[in-house]
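Just so it is clear, none of the values below were taken in a lab; they were calculated from the coordinates. These numbers come from a predicted model, not from an experiment. Cβ sites come from the backbone with ideal geometry, for glycine too, and all protein chains shown count toward neighbours.
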Amino acid sequence: MTVVRPSKQPFVVNDPHPAPSAADSGSSRNVVDAKDGVVAFDPRTGALTDGDAGGVRVKRKNVVVRQLPEGLSNMLAGAERGAAVTLKGAGQTVASGPTDNSGFQPTTLAELESTGMLQGVNKQRGGLVTFEVEAAGKTAHARVMALPSNYDGPLFISDIDDTLRDTSKVSLAMGERQTPLPGAAELLAGVAEKGVPIVYLSAAPARLGTANDDFLTQMPAGVLLSRESVGLSALDPRNKVQAQQQGEFKGRVLSMLRTMYPNAKIFGLGDDKYGDAQAYIRHGGVAYVRDVRPDDKNMPADFNGVKTTAYDAAFRARVLGDLDGAIRTSASFDGRPEPTQGVNAAVNAKLDALTGSKVVEGNKLELFVDGDQALPEILKQIDSATKSIQYETYKFAPGDAVSEKVAERLLAAKQRGVDVKLLVDGIGSREWITSNKTLNKLRSGGVDVKVFNPVSAGNALNLTNRNHRKSIVVDQSVMDGGLAFVGGMNTGDRYMGDKSVKGRYHDVVMKMEGPAVAEVNASFWDTWQLAGGDVPSWAFENPNKPALDKRSGGQRVRVIAHEGAGDNRIMRAYTTLINDAKSHINVENGFPMSDEVVGALVSAAQRGVKVRYIVGADFGMLGQLAAKNYGRLLDAGVEIYEYPTAVHTKSMSIDGRVATIGSANMDNMALLQNREIVAVMDDPTWVKDYEARFFDQDRKGSAWAGETRRITNKPGLISRLKTKVLDWVVPDRFE
């Protein structure tokens, strides 16, 4: 819950936990629910509460606490201790109580209805309600946005400054009236006519509250949320600190709204200067941005919204059409909700646009954890190949027992007539000082080996252009066969070895059969060609495998191939999926995460999503660097676990609906530089099993590795200084 200003629109009512469990008994109860909610008023804080004497008990990270509206604040401050405060609706008393912190008893929805204050409010989707508050002989009004806790319709969020009006700090300071931009009032009127609740945001200084009050009389009714105090310098687009603070303010408001109404569909209108787009994107909203400054560089990497210079008829039609689409799938608006699936249609469409990939139906997916499971299956499929093998890895460790074993099987396949192609990276191949003896053995046996971007004096300045993918494609061109492996394991003892290997990494690989194999196949040939290899005529013969019938276990998967510098499609996919999370996120990654990913996880935790982050022990400098984000994550409520061995996994799951497995770490090098490949499993049944077998188990540990440790304390000063030095001198690594 939050109390906000100004006096005509000061309150937002929420239901952060509609059905508290025994394990979560400290959660607030329903405040206003369109079915069976309750409402009460705390005269000490002016907050609408669940009737507890001390006011609403909510975690600070889930709420934005604003000062009382000036009129109501002064009125309550002037009341003597024990003075009566009365809450009225439609002129009739709803509840009353003294100013001694005793609060009010909960008031049922039926009692609210009896006052007439809910007249005209749709009981299924809620609406705006106005309360009248009396104390010390004075009266103030409070507008409330009262929505059902299960509201699944659109919420329209609109910034004010430089979005609905051209903000001149001089004219605002002088108290001059601001008028809406052409088409702005008409746009918001169209939103209101559809019954969509409107929340106005203002990050302007509190002293401009009167101007906001006056401005909003020209706009449709809504609830205004504004910052307590910001210097006038915040209005200067060159002031990056203030701009960041304003973006953070809007992000906190969106976190609060997401917590209140987790099923709501957020649509956000803002400008391109103060982080509006980033706030909307990070909270799973559809962003519409007024392009105040052409070629603005502050757009988030995963921005897939709409930029406009004018609120003309075409733009208004686009926005209102998008709202119509959300209404058609909203039970709150008597629409037909989308069928249950891993990722909803809107997010899938966004991923299509951001990544250039598509969801492929009808695949068979199988998970293999650690080298004990993965290596035998990989060798089995190499041995069974009849026509072709495309083996791609960042590192093929020279002389390792695993490398030699894989090489023997590849040579045997070559000798029986299988076309075998091996693609390694110039740094990962370990050939920059001496030759790789295992690769030389393969070359001597006739295996076609190509090195991507080999290290040489001629390309010494191009060392960050790396192929970090790990994939294996077997018999892709055979109509009735074909399979692929995608995951994070390199070829070597520490990656695919068994439990006896000292320092073995914990990791996963997934095998897929079905039409999605064609996507992995295409990504291989693209990089193979860049490495100087010829693409054979049969490479794309019969690439479309017959899809498995859903009744036979056919599963949905999306394959995203990141093509290196200038391409951030996997980062966009990661943050888009995180921003869509409703209940929980599992992340397992041993490398330091990029600011984009950390910011998305922090925003998710702040809106009430349970975020669990698993890192590895004994990962040297990388483990130390990963700790640089611990303070920020812990402050947001993220749970951090340290697995007993080094973690090489690059994986995530969300809400038991969707998961990722692949080669891409969540660091800057992987997400902004390397060539990577990631599979996104869009199948709730498969993902729930994955969560149980992998993430849930890893939070406990394993019989062979030991118990997992929960990290609850932030790194100390010495550790933070060490991390800062390492972060400065050590570039992102490749594994």
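Between residue 139 and residue 692, the contour length at 0.36 nm per residue exceeds the alpha carbon distance by 193.5 nm. Relative to its residue count, region 641-726 spans a Cα convex hull of 132 Å³ per residue. Only Cα pairs under 8 Å and 6+ residues apart enter the sum, and on that basis the relative contact order of region 605-691 stands at 25 percent. Each of 525, 686 has some number of other Cβ atoms within 10 Å of its Cβ, and from fewest to most they run 525, 686. Over all directions, the projected convex hull of the C-alpha atoms in region 332-488 averages 13.5 nm² in area.
Counting DSSP beta bridges with both partners in region 389-508, what percentage is antiparallel, nearest 5? Of the beta bridges lying entirely in region 389-508, close to 40 percent run antiparallel.
Please work out the Kirkwood hydrodynamic radius for region 315-367, using every pair of different C-alpha atoms, and report it in angstroms with one decimal place.
With all distinct Cα pairs of region 315-367 included, I get 13.4 Å.
Scattering from region 560-729 was approximated by placing one identical point on each alpha carbon and applying the Debye formula without solvent; log10 I(q)/I(0) at 0.08 1/Å stands at -0.22.
Applying 1/(1 + (r/R0)^6) with R0 = 56 Å to the Cβ-Cβ distance of residue 90 and residue 699 gives a FRET efficiency near 0.60. Normalising the Debye intensity of region 273-394 to I(0), with uniform scatterers on Cα atoms only, and taking log10 at q = 0.18 Å⁻¹ returns -1.10.
Normalised by the residues of region 390-544, what does the relative contact order come to in percent, with Cα pairs under 8 Å and at least six apart? Normalised by residue count, the contact order of region 390-544 is 25 percent.
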